[in-house]
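Student: Attaching a single structure in structure tokens format; questions to follow.
Each value in this text was obtained by applying a stated rule to the coordinates, not by laboratory testing. Note that this is a predicted model, so its numbers are computed, not measured. Neighbour counts are summed over all protein chains in view; Cβ atoms, including those assigned to glycine, are modelled from backbone coordinates with ideal geometry.
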Amino acid sequence: MELLIAGGCLEHGRNCFYVRGREVSFLVDAGIMKENPDTPYPELTKDQIQDAAYLFLTHCHSDHTGAVKWLYDQGFHGEVIASAPTFAWMKDAVPGRTLESMSVPGKKCKVDDHLKMTWGRSGHCIGSVWYLFRLDGRKILFTGDYQEHSGAYKCDRIRDLSADLALVDTAYGTESGTAGDYRKDFEGSMDRLVKTNRPYLFPVPSHGRGLDVLRALSEREIPIYMEDAIISECLETPDREFWLRKKFRGSFGNSEVHTMEELGQLMEETGGLSFLELPIGILVQDSQLIRQENRDLTAAVIKAGGRVVLTGKQDPASFSRDLLSRGDAVFWKISVHQNADEALKLKHKNRFRFMIPCHCRKKLDFKERDILTVRTGNLVKF
Ligand SMILES: [Zn+2]
Ligand SMILES: [Zn+2]
């Protein structure tokens, strides 16, 4: 059996893997690499694309689904398989089969006469999953973007699984903090926030860390102002009990929730948020602060003595990164991936014959010889 790394190893973006078996070939993810416009799409030939019987998607983010339309343009005619929220939230609407209609987490199911599959929730966002495939007497695991310690999202922890090859999220590479460390810092910062009477602006991506921020604000009963898109993500998600942790669902609703129009009224009443009686949390779905209205809001928050709080990756040359380097924003990280230590721990809790760290730009220096360093374009036989 062969695995072609079509994207996502020793680079960031365009996650895409091509598995070739004796009878069946399939793809896992088809992402786009935004930061490199010369090579945005996975490295696949038309023949490979047209040979793929399936495209399994791990979650809706564009570094995993942004090239789906491009695949169709290249002649893809296989079946797309993904969770219902991934189908609902990926940029290009495509037909396909939902995982929820095939099996439940942890239970093996038959995709066709040759290919069997088990899936589980990966704790990264609503609808994010990992996959274990069985084909031609071999097993291959894809963790997808994976984090066991999210405060918002459920994760079916990968334990005691055996796989010939495991592709494991290691996006945070050599960063030293674990999810637990970041979580503790984040909660400590939130505990300090609650004692102030300042506005805190959280620019968050769509479908990701925003719900973790909401949970932390809700647990402390801090009034929240947020865009309709985030409100609907919380309240109108299909099967929210299935994807969201009970603790999150329990705390949501402790805070008063207001719209952005109401924030406008509050700004008029309080001299641009300068005379608040309580702290408030403002959430906008614009993690890099691209939209002018959010840049204006940033200025108002800073003027009122509040903080812009970034919780994840800032793109090079983005407004968010500028703010941070000027000292006008703070970074309270929320972990949605794993670092190298966490990936190694996952390996030790399972039986992987070989492991491939993925999603990291840098070459990582693992001592264990069954951890393979591969890059986009490489072919792995197993
Ligand atoms: Zn992701
Ligand atoms: Zn990703």
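Student: Debye sum, Cα scatterers, the chain, no solvent: what log₁₀ I/I(0) at q = 0.11, 0.12, 0.13 1/Å?
Tutor: Listed by q, the Debye log ratios stand at -0.77, -0.91, -1.04.
Student: Would you calculate a helix-derived [θ] at 222 nm for the chain, using -39,500 (n - 2.57) for each DSSP H run of n ≥ 4 and dividing by the full residue count, to the nearest 500?
Tutor: -7500 deg cm²/dmol
Student: Using a cut-off of 15 Å between beta-carbons, work out the net charge of the residues near R307 (Lys and Arg +1, Asp and Glu -1, R307 not included).
Tutor: Here the count lands on +3.
Student: Report the local net charge at E256: Lys and Arg +1, Asp and Glu -1, summed over other residues whose C-beta lies under 10 Å from its C-beta.
Tutor: -2
Student: List the lysines whose Cα sits under 17 Å from the Cα of K116, skipping any in the same chain fewer than 8 residues away.
Tutor: K107, K108, K139
Student: Relative to 2.2 N^0.38 Å, what does the C-alpha radius of gyration of segment 113-167 come to as a ratio? Two decimals please.
Tutor: 1.17
Student: Run the reach check for K362 against lysines, Cα to Cα strictly under 22 Å, same-chain hits fewer than 8 apart removed. What comes back?
Tutor: In chain and number order, the partners are K34, K313, K333, K345, K347.
Student: Would you give the gap between the C-alpha center of segment 303-338 and the C-alpha center of segment 261-291, rounded to a whole Å?
Tutor: That distance is 17 Å.
Student: Could you order the peptides 337-345, 204-212, 155-163, 122-130 from most to least packed, using the average number of other C-beta atoms within 10 Å per residue?
Tutor: With the highest mean Cβ count within 10 Å placed first, the list reads 122-130, 204-212, 337-345, 155-163.
Student: Which percent, to the nearest 5, of DSSP beta bridges fully inside the chain are antiparallel?
Tutor: Here the antiparallel bridges make up roughly 45 percent for the chain.
Student: Next up: Return the single residue from R220, R351, R22 with maximal mean-square fluctuation; model: Gaussian network over the chain, springs between Cα atoms under 10 Å.
Tutor: With Cα springs under 10 Å in the chain, the top fluctuation among R220, R351, R22 is at R22.
Student: Testing the spin-label approximation: label points 7 Å from Cα along Cα→Cβ at I302 and D136. State their distance in nm.
Tutor: Here the modelled spin labels are 5.6 nm apart.
Student: Set the Förster radius R0 to 35 Å, insert the Cβ-Cβ distance between L235 and R369 as r into 1/(1 + (r/R0)^6), and round the FRET efficiency to 0.05.
Tutor: FRET efficiency, L235 to R369: 0.10.
Student: Counting only residues 5 or more places away or on other chains, whose amide H sits under 5 Å from the amide H of K139 once H atoms are built in the peptide plane?
Tutor: D164, L165
Student: Considering just Cα atoms, how many Å³ per residue does the convex hull of segment 179-331 enclose?
Tutor: 111
Student: Can you compute the FRET efficiency between S189 and T259 using 1/(1 + (r/R0)^6), with r the Cβ-Cβ distance and R0 = 30 Å? Round to the nearest 0.05.
Tutor: 0.70
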